[in-house]
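Where a number appears in this text, it was derived from the coordinates with a stated rule and is not lab data. Values in this document were obtained by computation on a predicted structure and should not be read as measured data. Cβ: placed from backbone, ideal geometry, glycine included. Neighbour counts: every protein chain shown.
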Amino acid sequence: MAISLRAPGRSNQAPQKKRAPRRQGIAGWIFVSPTLIILGLFLLIPVLMALWVSFSDWSGNGSPFSAGVHFIGTKNYQQLLSGGGLAETNLGTSLRNNAWYVLLVVPIQTAVSLFLAVLVNRAVLRGRGFFRTAFYFPSVTSSVAITVLWLFLFSTTGAVNKALSYFGLHGPNWFNDPNGLVHIVFGWFGVHTGPAALTQHTALGVSWWDWLAGPSVAMTAFIIMAVFTTSGTFMLLFIAALQNLGGDVQEAAMMDGANGWQRFWRITLPQLRPTLFTVLTLGLIGTWQIFDQIYTGTKGAPENTTLTPSYLSYTSAFGNQEWGQGAAIAFILFIIIVVLTILQRAVLRERRVSKRRMRQYDPSLQSTSSKELSR
């Protein structure tokens, strides 16, 4: 006769423990299902439809899934990337303009926002709330309204040129000047045409000499506007990060004789790495998607020097009825943003400290290494 040693009332505990996580998982999916349904209907499905349009010859009439719409493969992408026509030239011009815009706006707005955050985070500053509101106010103002204001400020007889005249400077015709800043600087030294190695070789229908022209004077006005309107938003992110930093490390550095710049560069800035990555990522995505300022302001003029991929995608689809090319430009821009974000993450990732550098700061490791050498 077998005697059971199992305690009474414990036979159902294991199944109940297994059911609890399942019930929690089901409850979690139920709670997030409304958000998933909304994202699927208004985000995922339109993206998939646009992807299909980029590989089809849809003319904009009727449904893109009708029988009259045919799959044409990568023809739209080939016309944009290697077609040798106007579509390729416009795409190359827009990418050049936007690349210079990103190259200047992202680091400048990051540096300005970090400077403002450190400035208004100081306890000795009076009226910090006022300055925070004042610096953040342009970020909540309509971009269309600021663009219209910018057109007045940077006109030929605007306030900016008037202020420059007080210093004996003759301001340019900002939004009508297609000359690149780099070419203007070269012109000061008598260089008006590039070498044959740059002028005779092209990429996406644009010569290397034009790729290196720098942002046009008109695009420079948009760069100034972007820094003015976005620095306040990123300032708040840096302020939140600065207020979460502990003061014990700063006090220890002060006792060791570190000055203000050394404490900021060696202690504060490394602790801001996650926030810095967030600010750079958001800035990178936002600057590659510039559209409303161009649409309201110059519409790509003068001479397409303010043309951007987002605006080119809009004009190709809604203006020229080239819906496949418009969708293809959007996905090319999407790939560029993803690749640059991945590269940025690789550059800013946390790196392990080598053992050689750790021995410089840890006495126990120094003694261990000396014993190993003695052996």
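General observations
- Each Cα pair under 8 Å and six or more residues apart adds its separation to the average, and for segment 89-236 the resulting relative contact order is 40 percent.
- Within the chain, helix-based [θ] at 222 nm, where runs of 4 or more DSSP H residues each add -39,500 (n - 2.57), nearest 500: -20000 deg cm²/dmol
- FRET efficiency, PHE130 to LEU245 (Cβ-Cβ, R0 35 Å, nearest 0.05): 0.90
- The modelled label-to-label distance for the pair LEU343/ILE285, using points 7 Å beyond Cα in the direction of Cβ, is 1.9 nm.
- Where labels lie 7 Å past Cα in the beta-carbon direction, separation of THR278 and ASN176 in nm: 4.5 nm
- For the chain, complete DSSP H runs whose alpha carbons reach 30 Å or more along their own long axis and whose mean Kyte-Doolittle score is 1.6 or higher are 217-243, 323-347.
- Debye log10 I(q)/I(0) at q = 0.09 Å⁻¹ for the chain, Cα point scatterers: -0.78
- Considered as an equivalent ellipsoid built on the Cα gyration tensor, segment 136-199 has semi-axes of 31, 18, 10 Å, the largest given first.
- Positive-pole candidate from ALA87, LEU269, ALA252, dipole of segment 76-349, charges at beta carbon: ALA252
- In this structure the amide hydrogen of SER56, modeled in the peptide plane, comes within under 5 Å of the amide hydrogens of ILE72, none closer than 5 places in sequence on its chain.
- Computing FRET efficiency as 1/(1 + (r/R0)^6) for LYS162 and PHE71, where r is the C-beta to C-beta distance and R0 is 51 Å, gives about 0.30.
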